[in-house]
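Worksheet: one structure, shown below.
The values are calculated or read from the model by the stated rules, or taken from the named source; none is laboratory data. Note that the coordinates shown come from a computational prediction; the quantities given were computed from them, not determined experimentally. With ideal geometry, Cβ positions are generated from the backbone for all residues, glycine too; neighbour counts draw on all protein chains shown. Note: accessible area is taken over every heavy atom of the protein model, side chains too, but ligands, DNA and RNA are not part of it. Shrake-Rupley method; radii C 1.70, N 1.55, O 1.52, S 1.80 Å.
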Amino acid sequence: MTGTVLLLLAALLCGAAVGALAHRALARRRPRTDDGDTAVERATFRTLHTAALAAPPLRAGLTEDTARKAARRLRSLLGTQALCLTDEHAALAWDGTGDHHRAGATATAAAVLAGGRPHLVPVACEDPRCTLRWAAVAPLLVDGRVLGTLIGYTAESSPVLVRATDEVARWVAVQLELAELDRSRSRLIEAEIRTLRAQISPHFVFNSLAAIASFVRTDPDRARELLLEFAEFTRYSFRRHGDFTTLADELRSIDQYLALVRARFGERLRVTLRIAPEVLPVALPFLCLQPLVENAVKHGIEGRPDTSRITITAEDAGTEAEVVIEDDGIGVAPERLRAILRGEGDPSTGIGLSNVDQRLRQVYGDAHGLVIETAEGAGMKITVRIPKYHPGVQVAARPGPVG
């Protein structure tokens, strides 16, 4: 699917470049207005502006609501008397005159829905006042499948209109393909979060409950506190609202996790936190840091009879928040680390590292993947750089109390 998007975008960009060159050539032969613009340049700007206004609704997919919002802009692009957008079964939106033809739009588009090629179709009408006599019908092709049609209605037969309608339909199809790409990315992120939830070790749950039970008789107050920490930690890990959270909420969950770990290991685990208050409201992908801390605990304590130290810092770095998680544990050989980040090998060797790295790259781009410094016997230092502001990254409002 991505290849299709790139090919279509490349074709559109080439067409735009050719159009721009043609407009410049025409502009050299056209008189300029007082403000220095030719009529061709102004028309080009209006066309591009109209296309830009039609794009956002279509990026949400093909529905009655998005079709209705885009139809007027698309009709302006084509310059037809009327325009209709259909899916495979029904007319979704009509703009312009002669809306009594809307009921027969799917019949008009039947050949195009079946064959996937543009057609010029005669339109029969018993209303003497109606001037619509021809319909240029073009398919909306996404991944080789006809999702619907774009129909431009006019008074006269025009092969040029068929070509123009097909080009606008191709542009609409690109927007719909990008919408599907956005939905696929959201589904992938949700699947990866479910994977992380599934990786919350049953051993951790058992050991946490065992540690709580050990305090029930000797220190009931401590047992109660730990039980509350356990409840809050699991509630946060399995919450259902939003793909993003705040750094403050993620660090609070980490603190609850560490309280349970310390209850088990006692003085064998020393944790230092240095958090700058100004970065606490920064939004980041949900369950983005907790797996990194869990990895530091596992590999920091593993095979060490003495004290293990973990340091967690979150600092203001201009347009970013920089989070560093460092342990003095056994470390990992660079070759093995690269395999872990590729998703190869035993998942227990790098709890959530590959998952978190991929999600950060999907949300912020490759420049914001995990930066990991490690070697065998030298511990591990993981740096996460989180942009303070990024398009599409915001924390969903928490659902209110029931009743």
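Does the range 132-147 contain any residue that is farther than 13 Å from HIS89 by Cα, in contact with a Lys or Arg (Cβ under 6 Å, 6 or more places away or on another chain) and not small (Gly, Ala, Ser)? No, the range 132-147 contains no residue that is farther than 13 Å from HIS89 by Cα, in contact with a Lys or Arg (Cβ under 6 Å, 6 or more places away or on another chain) and not small (Gly, Ala, Ser).
When the range 342-356 is filtered for residues that are modelled with pLDDT of 65 or more and open to solvent by less than 50 Å² (accessible area, probe 1.4 Å), the ones remaining, listed by number, are GLY352, LEU353, SER354, ASN355, VAL356. Residues that are open to solvent by less than 20 Å² (accessible area, probe 1.4 Å) and modelled with pLDDT under 85 within the range 227-262 comprise PHE233, SER237, listed in sequence order.
Quick check: is even one residue across the range 14-34 surrounded by 12 or more Cβ atoms within 10 Å (Cβ to Cβ), part of a helix (DSSP H, G or I) and at pLDDT 75 or above? No, the range 14-34 contains no residue that is surrounded by 12 or more Cβ atoms within 10 Å (Cβ to Cβ), part of a helix (DSSP H, G or I) and at pLDDT 75 or above. Applying a threshold of 7 Å to beta carbon distances and a minimum spacing of six or more residues, or different chains, the list of pairs starting in the range 357-384 at a residue that is within 14 Å of GLU322 (Cβ to Cβ) and at pLDDT below 85 and ending at one that is open to solvent by less than 30 Å² (accessible area, probe 1.4 Å) and not polar (S, T, N, Q) is empty. Scanning the range 64-108 for residues that are under 22 Å from VAL142 (Cβ atoms), polar (S, T, N, Q) and part of a helix (DSSP H, G or I) yields THR66, THR106, THR108. Among the residues making up the range 99-113, those that are out of contact with any Asp or Glu (no Cβ under 8 Å at 6 or more places or on another chain) and either in contact (Cβ under 8 Å) with a residue 12 or more places away in the chain or open to solvent by less than 40 Å² (accessible area, probe 1.4 Å) (or both) are ASP99, HIS101, ARG102, ALA103, GLY104, ALA105, THR106, THR108, ALA109, ALA111, VAL112.
Going through (1) farther than 19 Å from ALA109 by Cβ; (2) in a helix (DSSP H, G or I); (3) at pLDDT 85 or above; (4) open to solvent by 50 Å² or more (accessible area, probe 1.4 Å) one by one, HIS203 falls short only on (3). Taking the listed residues ALA93, ALA164, ALA110, ALA138, the one that is hydrophobic (A, V, I, L, M, F, W, C) and more than 33 Å from the chain's Cα centre (by Cα) is ALA110, with no other qualifying.
Quick one: is ALA90 surrounded by 20 or more Cβ atoms within 10 Å (Cβ to Cβ) and free of Cβ contacts under 8 Å to residues at least 40 places away in the same chain?
Details: surrounded by 20 or more Cβ atoms within 10 Å (Cβ to Cβ): no; free of Cβ contacts under 8 Å to residues at least 40 places away in the same chain: yes.
Judged against the criteria, ALA90 is not a match.
Here LEU140, LEU147 are screened, and the one residue that is open to solvent by less than 40 Å² (accessible area, probe 1.4 Å), closer than 17 Å to VAL174 by Cα and either in contact with a Phe, Trp or Tyr (Cβ under 8 Å, 6 or more places away or on another chain) or part of a strand (DSSP E or B) (or both) is LEU140. Taken together, the residues in the range 250-285 that are within 17 Å of VAL384 (Cβ to Cβ), touching a Leu at 6+ places or on another chain (Cβ under 9 Å) and touching a residue at least 40 places away in the same chain (Cβ under 8 Å) amount to 9.
Among the residues of the range 283-295, are any assigned to a loop (DSSP other than H, G, I, E, B) and either small (Gly, Ala, Ser) or over 25 Å from the mean Cα position of the chain (by Cα) (or both)?
no
Here is a yes/no grid of residues against (1) touching a His at 6+ places or on another chain (Cβ under 9 Å); (2) modelled with pLDDT under 85; (3) open to solvent by 10 Å² or more (accessible area, probe 1.4 Å); (4) of a type in the set (Lys, Arg):
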position: THR272; (1), (2), (3), (4): no, no, yes, no
position: ILE275; (1), (2), (3), (4): no, no, yes, no
position: VAL279; (1), (2), (3), (4): no, no, no, no
position: GLU302; (1), (2), (3), (4): no, yes, yes, no
position: ILE310; (1), (2), (3), (4): no, no, no, no
position: GLU315; (1), (2), (3), (4): no, no, yes, no
position: GLY318; (1), (2), (3), (4): no, no, yes, no
